[in-house]
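The values are calculated or read from the model by the stated rules, or taken from the named source; none is laboratory data. No experiment lies behind these values; they were computed from the predicted model shown. Ideal geometry is used to build each Cβ from the backbone, glycine not excepted, and the neighbour counts take in all protein chains shown.
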Amino acid sequence: MSFKCPFPFLECENCDCTGTTCQRRFPGSKLEWPELKGVSGLEAKRIIESENPKVTCVLVPLGVGVLTINCCNRVLLRLPAHDCPNGPVLNIPQVG
């Protein structure tokens with residue numbers, strides 16, 4: 001299967017939290033974006049990175065495995081493999 005989404009290497013800031021449980025690490029920063037589920041992957045990436053410049057969004061097509069490590073500097077956006085990067089976000093985006 002061929003994927004159209006680039007999957008960049010991203011240095012991981014390991015943490016023991018996800019979403020709002022990371023508030024102590026990022027006081028005052030937005031950490032979850034439930035309103036972006038269903039929004040285009042590229043649009044969600046733009047919004048999230050502008051609302052929390054401490055994170056980088058990674059567009060991940062369904063079917064591509066991701067290590068289950070919590071990284072406080074990333075937000076994973078799961079997208080349909082056949083429509084990546086423009087397809088709708090399938091998960092609730094959150095830090096971790």
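Data table
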{"quantity": "Extreme residue, surrounded by the most Cβ atoms within 10 Å (Cβ to Cβ), among residues of region 60-90 that are under 10 Å from the mean Cα position of the chain (by Cα) and more than 12 Å from residue 10 (Cα to Cα)", "calculated": "77"}
{"quantity": "Which listed residue is touching a helix residue (DSSP H, G or I) at 6+ places or on another chain (Cβ under 7 Å) and of a type in the set (Val, Ile, Thr), from 58, 89, 39, 64", "calculated": "89"}
{"quantity": "Subset of region 23-36 (residues that are farther than 12 Å from residue 96 by Cα, in contact with a helix residue (DSSP H, G or I) (Cβ under 7 Å, 6 or more places away or on another chain) and outside any loop (DSSP other than H, G, I, E, B))", "calculated": "36"}
{"quantity": "Test: residue in region 42-58 that is more than 13 Å from the chain's Cα centre (by Cα), surrounded by fewer than 19 Cβ atoms within 10 Å (Cβ to Cβ) and either modelled with pLDDT under 90 or part of a loop (DSSP other than H, G, I, E, B) (or both)", "calculated": "no"}
{"quantity": "Within region 65-96, tally of residues that are among the hydrophobic types (A, V, I, L, M, F, W, C), part of a loop (DSSP other than H, G, I, E, B) and either within 24 Å of residue 17 (Cβ to Cβ) or free of Cβ contacts under 8 Å to residues at least 24 places away in the same chain (or both)", "calculated": "7"}
{"quantity": "All positions within region 27-37 that are at pLDDT below 95 and farther than 14 Å from residue 75 by Cα", "calculated": "27, 28"}
